[in-house]
Amino acid sequence: MRVLLLKHTEEPEATVAAAARLCYSASDVETLLKKLSKEKIRTLVRDLIKRGHHSAVEHASFTFVVEGISRACTHQLVRHRIASYSQQSQRYVSMESKKQGGQFPYIIPETVKESGLEEWFAEKMRTVQIWYDELCAKLETSLKIKGEDVYQDARYILPNAAATRIMFTMNARELLHFFTLRCCNRAQWEIRKMAIEMLKSVKKIAPSLFEDAGPACLRGHCPEGEFSCGKADEMRMFFKEIEKNLGG
Ligand SMILES: Cc1cc2nc3c(=O)[nH]c(=O)nc-3n(C[C@H](O)[C@H](O)[C@H](O)COP(=O)(O)OP(=O)(O)OC[C@H]3O[C@@H](n4cnc5c(N)ncnc54)[C@H](O)[C@@H]3O)c2cc1C
């Protein structure tokens, strides 16, 4: 998995602070920004988030590219509606062995590896590759179609394990919500791993915006009730360690 923070709003914390100050000031935005020291900006942002005044936080956006994740993972990701997505197409990009250097890329879950089933899993993927190639060839010859007309239906035989790449943009408000749900121990391992990598990268850029970001248990008690992992203390330690390693 490769998680890349490709672009973000220039000076995201200052942008959010300016939005917040503008609401209550007679000054123009340039004057407001001149008056705001780095320390003042961070205090203002922390205060906004603490008080739940999250609309100003929407002015800061972050664009990620994630590669080497499964379709199972991106299916969960795109359920988050307050975001923009562009994903590699299985309609236009052929997964044929001749185009993919032998085998379409796929993700093997850790449990499969830990169970010693890695080779068994790889063999199944090789079989799916054969089926996909066969289906492409049969559709081409029997219907005299090619390109996306073939791939758009041949993909029906591909598994959730098939690897993909996706670019997406979320504003900081949606990111805070996303981190609450997806950094939680209850989230599925792959999207959780991705969310934690995303969290690390935005914390470096905008520490005050994402200071308390992460699962709900970092900020109070776990809302999961009977489904709680029961490891709130462990989680707090885990995210504190991340903060420490980032120099926070
Ligand atoms: C542990 C876990 C297990 C899950 N299991 C399942 C499952 O079994 N089946 C399943 O289908 N999904 C499942 N999901 C997905 C989940 O139901 C949500 O679709 C997903 O987490 C997106 O979150 P969201 O809807 O809060 O937020 P987003 O889409 O990210 O939106 C952010 C917020 O905007 C507001 N909002 C967005 N759209 C609307 C709207 N149309 N109307 C009103 N308010 C809106 C809401 O306040 C929402 O919380 C699971 C998620 C998690 C974290």
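The GluC sites (Glu not before Pro) of segment 1-47 that DSSP puts in a loop, and whose beta carbon has at most 13 other beta carbons within 10 Å, are 10.
Using DSSP to call loops (not H, G, I, E or B), can you name the trypsin sites (Lys or Arg not before Pro) in segment 85-186 whose Cβ has at most 10 other Cβ atoms within 10 angstrom?
Details: sites: 91, 98, 99, 113, 124, 126, 138, 144, 146, 155, 165, 173, 182, 186; in loops: 91, 144, 146, 186.
Sparse-neighbourhood loop trypsin sites (Lys or Arg not before Pro): 144.
Among rounded, prolate and oblate, which fits the chain when a ≥ b ≥ c are the square roots of the eigenvalues of its C-alpha gyration tensor, a/c under 1.5 means rounded, and a/b larger than b/c means prolate? In terms of gyration-tensor shape, prolate. Here is the list for segment 85-174: chymotrypsin sites (Phe, Trp or Tyr not before Pro) lying in DSSP coil, each with at most 14 other C-beta atoms within 10 angstrom of its C-beta, are 92. Relative to one another, the C-alpha centroids of segment 56-116 and segment 210-235 are positioned 27 Å apart.
Highest mean packing comes first when the peptides 220-228, 1-9, 60-68 are listed by Cβ atoms within 10 Å, giving 60-68, 1-9, 220-228.
Size check on segment 116-214: the Cα extents along the three principal axes, sorted descending, read 60, 36, 20 Å. Here the contact order of segment 94-161, divided by its residue count and restricted to Cα pairs under 8 Å and six or more residues apart, works out to 35 percent. Taking each full run of DSSP H in the chain as one helix, which ones are at least 30 Å long along their axis (Cα atoms) and have mean Kyte-Doolittle hydropathy of at least -0.5? Long hydrophobic helices here: 118-143.
Take the alpha carbon atoms of segment 94-161, find their radius of gyration, then divide it by 2.2 N^0.38 Å using N residues; give the quotient.
Numbers: Rg = 13.5 Å, N = 68, 2.2 N^0.38 = 10.9 Å.
Rounded to two decimals, the normalised Rg is 1.24.
Quick check for me: using +1 on Lys/Arg Cβ and -1 on Asp/Glu Cβ, what's the dipole size of segment 107-228 about its Cα centre, in debye to the nearest 20? Please list the in-between numbers first.
Numbers: 17 positive and 18 negative charges, 85 e Å.
Roughly 400 debye, rounded to the nearest 20.
Using 18 Å as the Cα-Cα cut-off, could you pick out the over-long pairs in 98/138; 7/40; 204/244; 203/244; 50/204; 38/200? Could you put the intermediate results ahead of the total?
Values: 98/138 16 Å; 7/40 25 Å; 204/244 12 Å; 203/244 11 Å; 50/204 20 Å; 38/200 21 Å.
Violating the 18 Å limit, Cα to Cα: 7/40; 50/204; 38/200.
For residue 156, what is the net charge nearby, where nearby means another residue's Cβ is under 15 Å from its Cβ and Lys, Arg count +1, Asp, Glu -1? Each step should come with its number before you reach the end.
Details: positive: 71, 91, 138, 155; negative: 96, 133, 134, 148, 149, 153.
After counting each charged neighbour, the total is -2.
Each reported figure results from applying straightforward, stated rules to the coordinates on display, with no laboratory input. Fair warning: this is a prediction, and the values are worked out from it, not measured in the lab. Using ideal geometry, Cβ is built from the backbone for each residue, glycine included, and neighbour counts are taken over all protein chains shown.
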